[in-house]
Amino acid sequence: MRIRATVAAVSGALALSALAVPAAQADDGRSWNPDSGLTATQPSAGEKSKRGFAAAQAGDAKITSAVVNGGKPIPVGTKSKVTVPYTVTATDDSGIYHAGVFIWIGSSVDDEDSFGFGPNEKSMSCKAVNATTSTCKGTITLDPVFLINSDATWWRVGGGALANDGDEAERDAASKVRVQRFSKLTVNASPEPVKKGKTITVTGKLTRANWETGTYKGYTKQAVKLQFKKKGATSYTTVKTVTTSSTGTLKTTVKASADGYWRYSFAGTPSTPAVSAKGDYLDVK
């Protein structure tokens, strides 16, 4: 069993209230950890039922949109934390005091097995669009130490807001964002130098982050393009497609025709981002 953190779920509006008002404490005794962006304790079943966590709404405050990383996937490696921006828009007839975003994965936001990352407190700022609506920005930091490989999928983007009149809004699934396992790709063309028309061997390896071991492991049975860019050219052309082995390695042979750069290029999958190796220059005599 994985131990993700001291808590599992993020509950938007109350947590954001604690952020918006210094030293504030939620009515049900829960607190917010601004460093990890996670609620510090789980509410009881009775508290969940009373508040209706899945669709909490008090007054006429509303979250109209929430986007993380501009909607683009978030590749995460094995060691370094990844910080990405978010934008959230909220509205209330009294105006918006503060709003923020969290991302989470699980069957429901109040499920004990759900997990999420919340906003970095010091990054949060809001700008009024008009008397009732504000657009707020900030960042969210993902830490690979808490991830498992099955987390490389769609995450829901939720938002919470606090209005000037005390109204609270919570929207658990305003949008979604994909989290991916960071990928790496290498290439080596040999022998070099080589005579024109002779056979060369191009090897390489496609790996991706294994969050459960903290290492990079070979990505097996993946189609990867072998590409060539002639000296003086501005772009690569595809020569053939090669499939990775059971360990993620690549190996093929071609005829040397001209000086230039050889590389492998991977188009990516839903769980793994696209990546191209840095070209390896081959001198042809």
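The values are calculated or read from the model by the stated rules, or taken from the named source; none is laboratory data. This one's a predicted model, so the numbers in the text were calculated from it and none came from an experiment. Backbone-built Cβ (ideal geometry, glycine too); neighbour counts: all protein chains shown. The protein model used for the area step is the full one, side chains on, heavy atoms only, and it has no ligands, DNA or RNA in it. Shrake-Rupley method; radii C 1.70, N 1.55, O 1.52, S 1.80 Å.
Brief remarks on what is shown
- For region 214-223, filtering for residues that are buried (at least 18 other Cβ atoms within 10 Å of the Cβ) and either over 21 Å from Thr252 (Cα atoms) or under 20 Å from the mean Cα position of the chain (by Cα) (or both) leaves 2.
- Only residues that are free of Cβ contacts under 8 Å to residues at least 24 places away in the same chain and farther than 23 Å from Pro191 by Cβ were counted across region 239-259, and they come to 2.
- Each residue in region 224-238 was checked for being in contact (Cβ under 8 Å) with a residue 12 or more places away in the chain and more than 25 Å from Pro270 (Cα to Cα), and 5 of them qualify.
- Strands (runs of 3 or more DSSP E) (entirely within region 120-166) containing at least 1 residues that are closer than 22 Å to Ala61 by Cα, under 23 Å from the mean Cα position of the chain (by Cα) and hydroxyl-bearing (Ser, Thr, Tyr): 125-128, 133-142
- For region 78-93, a residue qualifies if it is more than 13 Å from Ala66 (Cα to Cα) and either open to solvent by 50 Å² or more (accessible area, probe 1.4 Å) or of a type in the set (Phe, Trp, Tyr) (or both), and the qualifying residues are Lys79, Ser80, Lys81, Thr83, Asp93.
- Of the residues in region 215-223, at least one is in contact (Cβ under 8 Å) with a residue 60 or more places away in the chain and either part of a strand (DSSP E or B) or among the hydrophobic types (A, V, I, L, M, F, W, C) (or both).
- Only one entry in Val101, Val68 is open to solvent by less than 10 Å² (accessible area, probe 1.4 Å) and within 11 Å of the chain's Cα centre (by Cα), namely Val68.
- Tally, over region 163-213, of residues that are closer than 30 Å to Thr133 by Cα and open to solvent by less than 20 Å² (accessible area, probe 1.4 Å): 6
- Test for Lys255: is it open to solvent by 40 Å² or more (accessible area, probe 1.4 Å), among the charged types (D, E, K, R) and touching a Gly at 6+ places or on another chain (Cβ under 8 Å): yes
- Residue within region 242-252 that is assigned to a loop (DSSP other than H, G, I, E, B), of a type in the set (Val, Ile, Thr) and surrounded by fewer than 18 Cβ atoms within 10 Å (Cβ to Cβ) present: yes
- Any hit, region 271-284, residues being in contact with a strand residue (DSSP E or B) (Cβ under 9 Å, 6 or more places away or on another chain), buried (at least 16 other Cβ atoms within 10 Å of the Cβ), acidic (Asp, Glu) and in contact (Cβ under 8 Å) with a residue 24 or more places away in the chain: yes
- Taking the numbered list (1) in a strand (DSSP E or B); (2) open to solvent by less than 50 Å² (accessible area, probe 1.4 Å); (3) not aromatic (Phe, Trp, Tyr) in turn, Ala233 passes all entries but (1).
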